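The values are calculated or read from the model by the stated rules, or taken from the named source; none is laboratory data. Remember, predicted model here, so these are calculated numbers, not experimental data. Reconstructed Cβ throughout: ideal geometry from the backbone, glycine too, with neighbour counts over all protein chains shown. Ligands, DNA and RNA are stripped out before the accessible areas are found, and what is left, the full protein with its side chains, is counted by its heavy atoms. Shrake-Rupley method; radii C 1.70, N 1.55, O 1.52, S 1.80 Å.
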Amino acid sequence: MAERIAGPEIERLIQLLARLPGLGPRSARRAALQLLRKREELLGPLAEAMQVAREKIVVCSICGNVDSRDPCTICRDESRNRKVLVVVETVADLWALERAKAIAGRYHVLGGTLSPLDGIGPDDLNLARLPERVADEGTEEVILAVNATVDGQTTAHYIIDLLSPLRVKITRLAHGVPVGGELDYLDEGTLAAAIRSRTEF
Ligand SMILES: [Zn+2]
């Protein structure tokens, strides 16, 4: 173990920061040092914001999003298209779609994917309420915005079966050449999927 260069309070701060995505031990040290230097402008306000987030954060009882109120801001937004329900694996995926302003529908966050190998079954995900929502909210289209992984596709097939009695239109994301992508740089799976889902000019 590396020799300690700071007291236990600062070491703890660094250890916690190092658990954040994108921050290794080195970046965590730099971040900690910056926080300690900017005690008034940064450390204080950050500590307060974290305290407030800790007290206020809730999981939306409708869609599974994380927000400071339940129902969440998106579920309360009356201007959204209620006929479109976008199923995503995680809150991070929901945020990504919102950042891209991809679609002004509503969401259903699964909280993961089915994964027999990891022992994750339907009861471990936010799946039970999905057919209810589709029926009660008058959903006309369910978009399965799940990852193009084996587990993501397993989950998609499970949902298609789950919703089949409801006769709702189910769509999935196109898999293909990314915008600005060069064919030579694509992996074989992406290239094969792009050929399979080709469209007419
Ligand atoms: Zn919600």
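Restricting the search to helices (runs of 4 or more DSSP H) fully inside the range 19-96 and requiring at least 3 residues that are within 14 Å of the ligand (Cβ to nearest atom) gives 73-76. Can you confirm whether the range 118-138 contains a residue that is open to solvent by 40 Å² or more (accessible area, probe 1.4 Å) and under 17 Å from ASP93 (Cβ atoms)? Within the range 118-138 (the criterion being open to solvent by 40 Å² or more (accessible area, probe 1.4 Å) and under 17 Å from ASP93 (Cβ atoms)), the answer is yes, since at least one residue qualifies. Given the criteria within 25 Å of VAL59 (Cα to Cα) and of a type in the set (Phe, Trp, Tyr), does TYR107 qualify? When the stated conditions are applied, TYR107 passes them. When you look at GLY111, is it away from the ligand (no atom under 16 Å from the Cβ), open to solvent by 20 Å² or more (accessible area, probe 1.4 Å) and part of a loop (DSSP other than H, G, I, E, B), yes or no? No, not satisfied.
Among the residues of the range 1-41, those identified as at pLDDT 95 or above and of a type in the set (Asp, Glu) are GLU40, GLU41.
Among residues of the range 170-189 that are charged (D, E, K, R), those with a beta-carbon under 7 Å from a residue that is open to solvent by less than 100 Å² (accessible area, probe 1.4 Å) at least six positions away or on a different chain give the pairs ARG172/LEU144; ARG172/ALA156.
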